[in-house]
Amino acid sequence: MHKALRDALGICKILLRNGYDAHIINAPLQEQALAGSRTGLPSVDIACEPGPEDLARLFPKTNTDGHGLAQMEENGVLFNFYPLDSGVPSHPELSLVRLTPALEQRVRPQPPQPDSNTQGSAWDGFATVQDGVIRFLGLPDATLRHNYLLAIRALRFAANYDLPIDPNTWMAIVRSAVRVLDYVPAPDIMEEWRKVGAESMHRFVRLLYDAHILQGLVPEVAALACVVQQNDKGVINGNVFEHTLKCMELYPQEGLHYDWLGTMAMLFHDVGKLFTAEYFDGRWTYYQHHQIGAKVTRKILRRLRFDLEDTELICHLVNHHMRFHFMMTDRGIRRFKSVGETARLMAMAKADLIARDDSFTSYNHNLKYLDRAETPEQMLEPLLNGNEIMEETSLEPGKLVGVIRDALLEAQKSGVVTDREGALQFVRQYSTQIRA
């Protein structure tokens, strides 16, 4: 703390001991102004309850020639006293003085500038990032009041660069959360959101939630913090919102580092649980949450002004994200592949399983069957089963039936047999040959 601020703190204590309320006005900004001052008499602004006469009785050196209530020069520091608003009908923000004419004049001449790597209009209103934090220029509340979109931009910078937000800038964002939602159009918010990397998306959504912006922007997702998360064994491990963030973190790691739309689908994949949650027989169930979730997601994306093509893709992924969770037959795998977007759906399933610490038995089974799905269906199983072969050839159960069955499958693979009629004719002829 600068010596001038320590002296000002001593003056405030004297006022407090004498029954008057007092505080240093915007200490962080004054510290910044004092540090940047190289010439002239250092000065500190104090907000206090007493009037000029009471101040003069406590501090005989005060005079009323300058700004505010009074001024006093002491130990090489100029102290400016300003009235502390304490009226009941006044606006809450006036009760805490944050910027005075003298302080504004001191910080305006040499504002911090963005470094050479951050030139551009996107960084207007932000201080340099060389100190490793995201911080608004000047008084954070005043800077934000000129452009509430800066709140979303600050969260974007913090998420993409994995940097902390300056505490005073953060509090300005939190205080302005309602105004951000009131004055910044949804398309403008989404334009900033689009610039968040897929691998940083989970941090961005976390910041939106902590700043109480997500609760107004996408309340359906924010409400997932109240929904219980459990795995297939019934083990409860947190809430669905935390699970969603973990899935968003894991999804891009599955070879989809730049898949912004897939990560956005991961954000909404469990939103249907809010509407399908039901507690029965000692555990929670969320039947059909994927289908309900797709409908809810469509409504949300329409509200956020997403274009139709992106909306369709995200809703498609949400609707089908559970398919790879269940152990499938050859036919089931073929149906899965016909749905489309298999790589994304598999990555969603894997992220989901890891995030909820669940079994990979079905996932691994389906993974093996994917190769079989590349083989035409007629090359996997013969067109006639054992009973049909015995009925057509009048054979008794035995090894001979198996031999004919294998020969039929080979005939299918080679293209000699292509339909059931051809299969019946083949087994009759082959049976006659091996009996001869």
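Annotations
- Residue-normalised convex hull volume from the C-alpha trace of the stretch 257-402: 181 Å³ per residue.
- Protein heavy-atom surface of the stretch 145-197, 1.4 angstrom probe: 53% of the accessible area is carbon and sulfur, with nucleic acids and ligands not counted.
- Unsatisfied cross-links (Cα-Cα over 32 Å) in the set Lys246/Lys368; Lys337/Lys399; Lys233/Lys368; Lys195/Lys350; Lys3/Lys195: Lys337/Lys399; Lys3/Lys195
- Average projection area in nm² (convex hull over Cα atoms of the stretch 181-322, one quarter of hull surface): 8.3
- Straightening the chain between Asn387 and Val235 buys 50.1 nm, computed as 0.36 nm per residue apart minus the Cα-Cα spacing.
- In the chain, the longest principal axis of the Cα atoms and the axis of helix 289-303 are about 40 degrees apart.
- Computed over the chain, relative contact order equals 7 percent, with contacts defined as Cα pairs under 8 Å that lie 6+ residues apart.
- Taking 15 Å as the straight-line reach from the Cα of Lys413, the aspartates and glutamates in range (excluding those fewer than 8 positions away in the same chain) are Glu374, Glu377, Glu381.
- Isotropically averaged projected area of the chain, using the convex hull of Cα atoms (one quarter of hull area), nm²: 32.4
- Within straight-line cross-link reach of Lys295, aspartates and glutamates at Cα separation under 13 Å, skipping those fewer than 8 residues along the same chain: Glu220, Asp270, Glu312
- The peptide list 312-321, 138-147, 40-49, put in order of mean Cβ contacts within 10 Å with the highest first, becomes 312-321, 40-49, 138-147.
- Per residue accessible area of the stretch 324-370, 1.4 Å probe, in Å²: 49
- Note on Ile333: accessible area approximately 0 square angstrom, rounded to 10, probe 1.4 Å, nucleic acids and ligands left out.
The values are calculated or read from the model by the stated rules, or taken from the named source; none is laboratory data. Note that the structure is a prediction, hence the values are computed from the model and not measured. Reconstructed Cβ throughout: ideal geometry from the backbone, glycine too, with neighbour counts over all protein chains shown. Accessible surface areas use protein heavy atoms only, side chains included; no ligands, DNA or RNA. Shrake-Rupley method; radii C 1.70, N 1.55, O 1.52, S 1.80 Å.
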